[in-house]
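Remarks on the structure that follows.
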Amino acid sequence: MTVEVNEPVLSIVQQRRAQLRPALEWLARRAEPVVITLGAILVGLALFSLFILAVGKSPADLFRFMYAGGFGSWFSIQNSLSRASPLLLTALCVALPARLGLVIIGGEGAVVLGGVAAAAITLPIIGLLSPIIVLVLMALAAMTIGGIWIGLAGFLRHYRGVNETISSLLLAYIAIALMNQFVEGPLRDPASLNKPSTKPLPHDYMLGNIPGMDVHWGLVIGIIACVFSWILLEMTSYGFAARIAGGNVRAAQIQGLPVGRLIAGFTAIAGSFAGLAGMIEVAAVQGSANASLAAGYGYTGILVAFLARHNPLAIIPVAILLGGIDASGGLIQRRMGLPDATVLVLQGTLFVVILFGETFYGRFKIFNPDLWKRSA
């Protein structure tokens, strides 16, 4: 028995499907990074659970304490937001050059030198200028030094062919050595006996908290930086040129795009954000420049950027998530008897799984409209 289909009805159905197709294609392409990233996170947590079982602990207890320490109370949430502040900026240090196909992993160097520069510039001007002007000058000094430091990796990549991943990492080690030299030498406060540091900032010159919250203004600065970066990448010709150069450098050069200036410019902007993170650590958390500046925020920012697929807006929730995980380390150590480095093992596991997840992009037909069968 055959069923006859009314041709006008069939035509209407085909028209509706044709109208919906662009929206479905847009949804499919946007859903792929979300689904694969969430899947990688779940796989990473499952693998980490096996590690916890191997040491004789309960994964359920671990995740319960992780949630309690990161987001279980208003105090925990504020602590997580404070820890997320530098991650927002150090993740941008990875995400911006990534649009050009560059892998910068030395943001830690810009963080520590930015903090040292911010502390050094205050020495001759404290008491002479108003606190707001001093904070602005601290930010400018930190961003300038950070931009130069990471921009150097971009310069070496384009003009000398030096791998930016290796050079930025080596520059980070050099920066930490320079920080120790300055903090323990010419910039050292004689009163800092046990822990060498620069002269502490007066309370009036510290970056205060957001009204009604125990979270410093660095969080707002980081969010503004992420929004600015998204606008730069997605809504300007500068960002469009960077995406073209990142896709095919040779094609970009043939089209007359200034690839060298793009690489130097984007790495400098990225470094300036990392340097600003160092300034915030000095002006809002530490109160001075010391060895605590090398807290690993530059390296955690790598994980944040990869989890966010180098999307500046996606960096915001991912940084808060990683900030919460980091904030829970102390509670996990006290309640479960695990070392504080447990969260670092979790972060490393997630990073490896995320890198492995990169191999699945473009392989699932449902997320690739180019592989869909076209309607007759």
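The values are calculated or read from the model by the stated rules, or taken from the named source; none is laboratory data. Small disclaimer: the values here were computed from a predicted structure and weren't measured. Here Cβ is always computed from backbone atoms with ideal geometry, including for glycine, and neighbour counts include all displayed protein chains.
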Tell me the residue from Ile133, Ile125, Ile121, Ile166 that is within 17 Å of Gly271 (Cα to Cα), free of Cβ contacts under 8 Å to residues at least 40 places away in the same chain and not hydroxyl-bearing (Ser, Thr, Tyr), please. Ile166
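Looking only at the stretch 207-216, which residues are in a loop (DSSP other than H, G, I, E, B) and crowded, with 18+ Cβ neighbours inside 10 Å?
Here is the first cut: in the stretch 207-216, the residues in a loop (DSSP other than H, G, I, E, B) are 207-208, 210-215.
Listed by number, the residues that qualify are Leu207, Val215.
Condition first: assigned to a helix (DSSP H, G or I) and over 20 Å from Arg160 (Cβ atoms). Now tell me which residues in the stretch 247-261 satisfy that. Before the answer, list the steps.
Step one: of the stretch 247-261, the residues assigned to a helix (DSSP H, G or I) are 247, 249-254, 259-261.
Selection gives Gly247, Ala251, Ile254.
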Tally time: how many residues in the stretch 190-200 are touching a strand residue (DSSP E or B) at 6+ places or on another chain (Cβ under 9 Å) and either in a helix (DSSP H, G or I) or modelled with pLDDT of 90 or more (or both)? 4
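For the stretch 262-290, which positions are part of a helix (DSSP H, G or I) and in contact with an Asp or Glu (Cβ under 9 Å, 6 or more places away or on another chain)?
As a first pass, look at the stretch 262-290 and keep what is part of a helix (DSSP H, G or I): 262-286.
Answer for the stretch 262-290, where residues must be part of a helix (DSSP H, G or I) and in contact with an Asp or Glu (Cβ under 9 Å, 6 or more places away or on another chain): Ile263, Thr267, Ala274.
Tell me yes or no: at least one residue of the stretch 221-240 is surrounded by 17 or more Cβ atoms within 10 Å (Cβ to Cβ) and outside any helix (DSSP H, G or I).
Within the stretch 221-240, none of the residues are surrounded by 17 or more Cβ atoms within 10 Å (Cβ to Cβ) and outside any helix (DSSP H, G or I).
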Mind checking which residues of the stretch 56-113 are of a type in the set (Gly, Ala, Ser), surrounded by fewer than 24 Cβ atoms within 10 Å (Cβ to Cβ) and over 25 Å from Ala46 (Cα atoms)? Ser73, Ser82, Ala98, Gly101
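In this structure, does Pro317 turn out to be surrounded by fewer than 24 Cβ atoms within 10 Å (Cβ to Cβ) and farther than 14 Å from Cys226 by Cβ? Steps first, please.
Details: surrounded by fewer than 24 Cβ atoms within 10 Å (Cβ to Cβ): yes; farther than 14 Å from Cys226 by Cβ: no.
Judged against the criteria, Pro317 is not a match.
Among Leu92, Leu113, Leu87, which is under 18 Å from Ile269 (Cβ atoms), assigned to a helix (DSSP H, G or I) and in contact with a Cys (Cβ under 8 Å, 6 or more places away or on another chain)? Explain how you work it out, then say what you get.
On the way: Leu113 fails: in contact with a Cys (Cβ under 8 Å, 6 or more places away or on another chain); Leu87 fails: in contact with a Cys (Cβ under 8 Å, 6 or more places away or on another chain).
Matching residue, one of Leu92, Leu113, Leu87: Leu92.
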In the stretch 319-361, how many are part of a loop (DSSP other than H, G, I, E, B) and either under 19 Å from the mean Cα position of the chain (by Cα) or not aromatic (Phe, Trp, Tyr) (or both)? 6
Out of Gly271, Gly239, report the one residue that is in contact (Cβ under 8 Å) with a residue 40 or more places away in the chain, within 30 Å of Pro202 (Cβ to Cβ) and not aliphatic (A, V, I, L, M). Gly271
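Name the one entry in Val136, Val162, Val183 that is more than 19 Å from the chain's Cα centre (by Cα), of a type in the set (A, V, I, L, M) and outside any helix (DSSP H, G or I).
Val162
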Could you list, ordered by first residue, the pairs with Cβ atoms under 7 Å in which the first is in the stretch 277-293 and under 11 Å from Ser85 (Cα atoms) and of a type in the set (S, T, N, Q) and the second is in a helix (DSSP H, G or I) and modelled with pLDDT under 95, at least 6 apart or interchain? none
